[in-house]
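Heads up, the thing below is written out as structure tokens.
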Amino acid sequence: METSYETIIIGGGVVGSSIAYHLSERKKEGILVLDQKFPLSGTSGSTQAWVWVHNKTPSWYAEFNMYSAELYPYLSKKIGDVEYKRTGGLSPFFNEADREKALRLAEAYKNIGIKIKVLSREEALEKEPSLNPEVAGATYSSIDGNVNPFRLVDRYMRAAQKNGVQYSTYNKVTDIQKLPGKFIVVSQKGTFVCKNLILAGGTWSRELGKLVDINIPVKQLRGQILVTEPLKPFLHYTISGLRQAFNGEVLIGYSMEEEGFNRATTLDVIQETANMAVHYVPQLKKAKVVRAFSGIRAMPEDGFPILGNIPGIENLYVAATHSGVTLSPLIGTLMTELILDGETSIPIDRYSIGRFDLSLR
């Protein structure tokens, strides 16, 4: 027996659940989210969860991230406490030669309204006394921060469900058929029919694309993270590479490894990560590491989000990106506009999947 919906979203992570929530604000019925496991069991639950703008290049991509970061204070009022904290972000550098590069970045950002300060050694240490005194300087942006990813996805889901969105979890999609005016989505727990279909499967985007004979060029990049014991609050800012959580734990890491879906942790990367942390913040040498984990990023081939319609297939949409935590409020807003209004308040043409070869090789 087939169950009909107006819109089906495949993928219940931070991006899929944001789309479900934002869509449900305007369309109170007929939305189903399918997830092959349970939201937060994948990428969205294994992240440092920065809301990070500065250092992203080129400037138009940083601007896109800025618009999303600016939505967080209002979002957390609407869906509830997600432990969003706009700490400001510091990106230290240890080589004086990097100052010129930082100044060029600050100048480029000035034109789009993102204020970046290039700090001297003294200014960097004044802001964050725990930094290595050998630091040459840092770039600083007041807009950066972090969030609790578990609270964020959970609040998205609860708010969406309150608006009538249905979730079907542990329910892998096995086939998608395109018929005139509708899609038939076959899953392990049943068959569903919908008018609009959104592919928001994150790291599994390429596999979902194959079900509709489209190449969605997303690869998997593993990142390994160390977690310390809870420490007294001492880090004031989100630092590129590490941050201190509400409970005092310090999360450390930003590795990028092409290992497919392998979520193992490895001693060599753990050692590199620990060395990076001690180099940035020497007092972490005394901290006990209580666990290590890894997550898999959904990384489009050119590094930029894939958003919008899929050319040639009416009512089929894709939302695939890394930095899903930072971008989720904006992606949810823009995808809702695209589906319901046929246009978006911020142009997303440059993020179209049409920039790639869509044929399956």
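What is the ratio of the Cα radius of gyration of region 91-220 to 2.2 N^0.38 Å, where N is its residue count, to two decimals? If you can, show how the numbers build up before the last one.
Values: Rg = 23.6 Å, N = 130, 2.2 N^0.38 = 14.0 Å.
Taking N as the residue count of region 91-220, the ratio is 1.69.
Can you classify region 159-222 as rounded, prolate or oblate using the Cα gyration tensor, where a ≥ b ≥ c are the square roots of its eigenvalues, rounded means a/c under 1.5, and otherwise it's prolate if a/b beats b/c and oblate if not? Please list the in-between numbers first.
Numbers: a/c = 1.77, a/b = 1.18, b/c = 1.50.
Because a/c hits 1.5 or more and a/b fails to exceed b/c, region 159-222 counts as oblate.
Convex hull volume of the Cα atoms of region 1-137, normalised per residue: 157 Å³. Around the Cα centre of region 13-107, unit charges on the Cβ atoms of Lys, Arg, Asp and Glu (plus for the first two, minus for the last two) sum to a dipole of about 260 debye. Think of each Lys and Arg Cβ as +1 and each Asp and Glu Cβ as -1; about the Cα centre, that makes the dipole of the chain roughly 720 debye.
Heavy atoms of the protein chains alone define the surface here; on that basis the chain has 44 Å² accessible area per residue at 1.4 Å probe size. For the pair K101 and E6, label points projected 7 Å from Cα toward Cβ lie 4.9 nm apart.
Taking every alpha-carbon pair in the chain and binning the separations at 10 Å intervals from zero gives 5, 24, 33, 23, 11, 3, 0 percent.
Between M299, M256, M157, the residue with the greatest mean-square fluctuation in the GNM of the chain (Cα pairs under 10 Å linked by springs) is M256.
Counting other Cβ atoms within 10 Å, which GluC sites (Glu not before Pro) in region 251-302 have at most 10 and lie in a DSSP loop?
Values: sites: E257, E258, E259, E272, E301; in loops: E258, E259, E301.
Here the GluC sites (Glu not before Pro) that fit, given the DSSP loop and packing criteria, are E258.
Quick check: at a probe of 1.4 Å, how many percent of the accessible area of region 167-268 sits on carbon and sulfur atoms?
Values: 2330 of 4430 Å².
With neighbouring chains kept in place, the figure for region 167-268 is 53 percent.
Using the Karplus relation 6.51 cos²θ - 1.76 cosθ + 1.60 with θ = phi - 60°, the per-residue 3J(HN,Hα) values for region 36-43 come to 6, 10, 9, x, 5, 7, x, 4 Hz, with x marking Gly and Pro. Working note: 222 nm ellipticity from helices only, DSSP H runs with n ≥ 4, each -39,500 (n - 2.57), summed and divided by the residues of the chain, gives -9000 deg cm²/dmol to the nearest 500. Summarising the label geometry, the points placed 7 Å from Cα in the beta-carbon direction at S142 and K195 lie 4.5 nm from one another.
Which percent of the accessible heavy-atom area of region 293-345 goes to carbon and sulfur, probe 1.4 angstrom? Before the final figure, lay out the partial values.
On the way: 670 of 1510 Å².
Accessible surface attributable to carbon and sulfur in region 293-345 totals 44 percent.
Of the GluC sites (Glu not before Pro) found in region 2-32, the ones in coil according to DSSP and having at most 13 other Cβ atoms within 10 Å of their Cβ are E29. The angle between the Cα long axis of helix 267-280 and the longest principal axis of the Cα atoms of the chain comes to about 50 degrees, rounded to the nearest 10. In region 32-142, the portion of solvent-accessible area held by carbon and sulfur atoms comes to 50 percent [1.4 Å probe, whole percent, DNA, RNA and ligands not counted]. When you filter the chymotrypsin sites (Phe, Trp or Tyr not before Pro) in region 168-259 for DSSP loop state and at most 14 other Cβ atoms inside 10 Å of their Cβ, you are left with Y170, F234, F246, Y254. In this simple spin-label model, placing a label point 7 Å from the Cα along the Cα-to-Cβ direction at both E257 and F150 gives a separation of 2.4 nm.
Of interest is the spacing of the C-alpha centroids, which for region 102-131 and region 289-347 amounts to 29 Å. When the charge dipole of the chain is built from unit charges on Cβ atoms (+1 for Lys and Arg, -1 for Asp and Glu) and taken about the Cα centre, the candidate among T191, L307, A102 whose Cα reaches farthest toward its positive end is T191. Across region 333-338, coupling constants 3J(HN,Hα) worked out from phi with the 6.51/-1.76/1.60 Karplus curve, θ = phi - 60°, read 5, 6, 5, 4, 4, 4 Hz, and Gly and Pro carry x.
Mean-square fluctuation check for the chain, GNM, Cα pairs under 10 Å: which of K189, K286, K162 is largest? The residue with the greatest mean-square fluctuation here is K286.
Between Y351, Y140, Y280, the Gaussian network model of the chain with springs among Cα atoms under 10 angstrom shows the greatest mean-square fluctuation at Y351. Taking amide hydrogens as placed 1.01 Å from N in the peptide plane, the amide H of G137 sits under 5 Å from those of F93, each at least 5 positions away in sequence or on another chain. Computed over the chain, relative contact order equals 24 percent, with contacts defined as Cα pairs under 8 Å that lie 6+ residues apart.
The values are calculated or read from the model by the stated rules, or taken from the named source; none is laboratory data. What you see is a predicted model, and the numbers here were worked out from it, not measured in a lab. Note that we place each Cβ from the backbone using ideal geometry, even for glycine, and neighbour counts take in every protein chain shown. Heads up: the accessible areas ignore ligands, DNA and RNA and are worked out on the full protein's heavy atoms, side chains in. Shrake-Rupley method; radii C 1.70, N 1.55, O 1.52, S 1.80 Å.
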